[in-house]
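A quick write-up on the structure given underneath.
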Amino acid sequence: MKALILVGGFGTRLRPLTLSVPKPLVDFANKPMILHQIEALKAVGVTEVVLAINYQPEVMLNFLKEFETKLGIKITCSQETEPLGTAGPLALARDKLIDDSGEPFFVLNSDVISEYPFKEIIKFHKSHGGEASIMVTKVKHFPLSVIPGFLFLGHFVTLWLLIQVDEPSKYGVVVMEESTGQVEKFVEKPKIFVGNKINAGIYLLDPSVLDHIQLRPTSIEKEVFPKIAAEKKLYAMVLPGFWMDIGQPRDYITGLRLYLDSLRKKSSSKLAVGAHIVGNVLVDETSKIGEGCLIGPDVAIGPGCVVESGVRLSRCTIMRGVRVKKHACISSSIIGWHSTVGQWARVENMTILGEDVHVCDEIYSNGGVVLPHKEIKSSILKPEIVM
């Protein structure tokens with residue numbers, strides 16, 4: 001079997017991390033996010049992965065060459081000379097995706113993290129006899145009509161919680177027949193509520209789907225799937241387990257929590273243990289943690305990190321080569337590669353440090369987004385970008 005991963009463009013929503021590497025190579029839970037997908041594809045028999053890319057293909061391929069050998073899987077590139085949307089790349093890579101076997105192929109969005117139930121969707125695809133299978137996930141919906149009532153009652157906390165939940169209108173919504181999974185219609189970012197099952201960005205497609213796609217900028221969600229649904233050849237399977245699009249910092253942090261929770265259920269031996277650990281924490285074996293620290297919940301500490309004594313970490317990612325000095329506190333933030341957080345510094349509220357950023361002692365960062373190779377000598381009191 002083969003697979004196409006839609007790598008996309010510049011990764012602007014994950015800047016400043018994507019100023020150093022393409023988005024699929026940004027670390028998530030101590031490995032590049034695209035590697036989670038490639039390993040899962042290999043596990044179900046995929047022998048070749050095609051990366052549909054229009055930005056820094058040489059960086060991507062050079063990095064992934066070592067994993068070709070380790071995993072025993074072929075990784076190639078299909079490069080766009082212009083952005084082709086979410087369907088055009090399939091037409092461009094047609095010759096790479098079709099072979100004599102006639103087997104279906106996977107298509108994945110590169111910034112989706114889940115338990116990747118590929119074995120289940122293969123079985124589902126074979127059972128229904130349609131042309132395309134897509135995975136969907138359920139999100140919560142609260143009609144806006146309930147909000148005045150909560151306001152009248154003074155339930156501001158409840159209102160805040162309502163605002164935090166995902167709205168189906170942010171995504172492509174799938175309306176399906178529950179018993180068979182046959183898709184009745186596919187509505188991209190509807191203006192009114194039509195359902196709570198959204199496109200999860202994981203597809204298994206017969207080669208014949210490529211006949212629906214022209215080599216031009218095309219949306220698979222707006223143009224291709226609605227046509228296949230109209231022919232009653234599009235089927236949807238509800239994705240078991242967690243799902244998150246981690247293409248922006250807040251969702252990245254949420255995705256880490258969901259991933260570590262899943263890891264606890266499936267392979268808890270990979271998680272750190274000890275009196276200094278609270279909840280789910282992933283620590284690379286090459287990192288060092290000092291005395292008197294309190295780590296967790298929902299923390300990933302990458303290779304070669306040094307966490308000095310008395311440090312407090314929660315809901316954050318500490319990437320490769322980071323040093324966190326004594327008594328610093330980091331929460332709800334991402335610390336980029338080879339950065340330093342000074343003694344007694346406090347970093348919180350979705351602060352994102354790019355590569356090689358150095359936060360001086362006793363500095364406070366409240367939502368700062370700091371570009372690579374900077375030294376922060378004064379506190380960031382409100383969310384802002386530090387150029």
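The values are calculated or read from the model by the stated rules, or taken from the named source; none is laboratory data. Treat the numbers as computed from the prediction; the structure is a model and nothing was measured. Counting neighbours? That spans all protein chains shown, and the Cβs are built from the backbone with ideal geometry, glycine included. Surface areas here come from the heavy atoms of the whole protein model, side chains and all, with no ligands, DNA or RNA. Shrake-Rupley method; radii C 1.70, N 1.55, O 1.52, S 1.80 Å.
For F67, F28, the ranking by accessible surface with the largest value first comes to F67, F28, using a 1.4 Å probe.
A probe of 1.4 angstrom, applied to the heavy atoms of all protein chains, finds V59 with accessible area near 50 square angstrom. What residues from the range 73-100 fall in the zone where the backbone N is under 16 Å from a label point 7 Å along the Cα-to-C-beta line of R216? Within reach of a label on R216, which here means backbone N under 16 Å from a point 7 Å along Cα→Cβ, the range 73-100 contributes 82-92. Accessible area of K119 (1.4 Å probe, protein heavy atoms only, ligands and nucleic acids ignored): about 150 Å². Largest accessible area first, the listed residues C360, C316 line up as C360, C316 when surface is computed with a 1.4 Å probe on the assembled protein chains.
At 0.36 nm per residue, and after removing the present C-alpha to C-alpha distance, how many nm does the segment from R94 to E384 gain when stretched out fully? Can you show the working numbers first?
Values: separation 290, 0.36 × 290 = 104.40 nm, distance 4.36 nm.
Contour length minus the Cα-Cα distance gives 100.0 nm.
A Gaussian network model of the chain, with springs between Cα atoms under 10 Å, assigns the largest mean-square fluctuation among G129, G321, G336 to G129.
In the range 172-321 the Cα-Cα distances spread across 5 Å bins starting at 0 as 2, 8, 14, 15, 12, 10, 8, 9, 9, 7, 4, 2, 0 percent of all pairs. The listed residues E375, E48, E231 rank as E375, E231, E48 when sorted by accessible area, largest first, using a 1.4 Å probe.
Rounded to the nearest angstrom and listed largest first, the equivalent-ellipsoid semi-axes of the range 241-345 from its Cα gyration tensor are 21, 16, 11. Normalised Debye scattering of the range 1-87 at q = 0.15, 0.25 Å⁻¹ gives log10 I(q)/I(0) of -0.53, -1.39, counting only Cα atoms as equal scatterers and leaving out solvent.
Which value at 222 nm does the chain reach when only helices count, each DSSP H run of 4 or more adding -39,500 (n - 2.57), with the total divided by all residues and rounded to the nearest 500 deg cm²/dmol? Walk me through the intermediate numbers first.
Working: 9 runs with 87 residues, N = 387.
Computed ellipticity for the chain at 222 nm equals -6500 deg cm²/dmol.
Helix 118-128 and the longest principal axis of the C-alpha atoms of the chain enclose an angle of approximately 20°. Counting only protein heavy atoms and using a 1.4 Å probe, the accessible area of K326 comes to about 90 Å².
Once Rh for the chain is found with the Kirkwood sum over Cα pairs, what is the Stokes-Einstein diffusion coefficient at 20 °C and 1.002 mPa s, in µm²/s? Write out the running numbers ahead of the final one.
On the way: Rh = 22.3 Å.
Using the Kirkwood radius from Cα pairs, D works out to 96 µm²/s.
Here the mean projected area of the convex hull built on the C-alpha positions of the range 205-253 is 5.2 nm².
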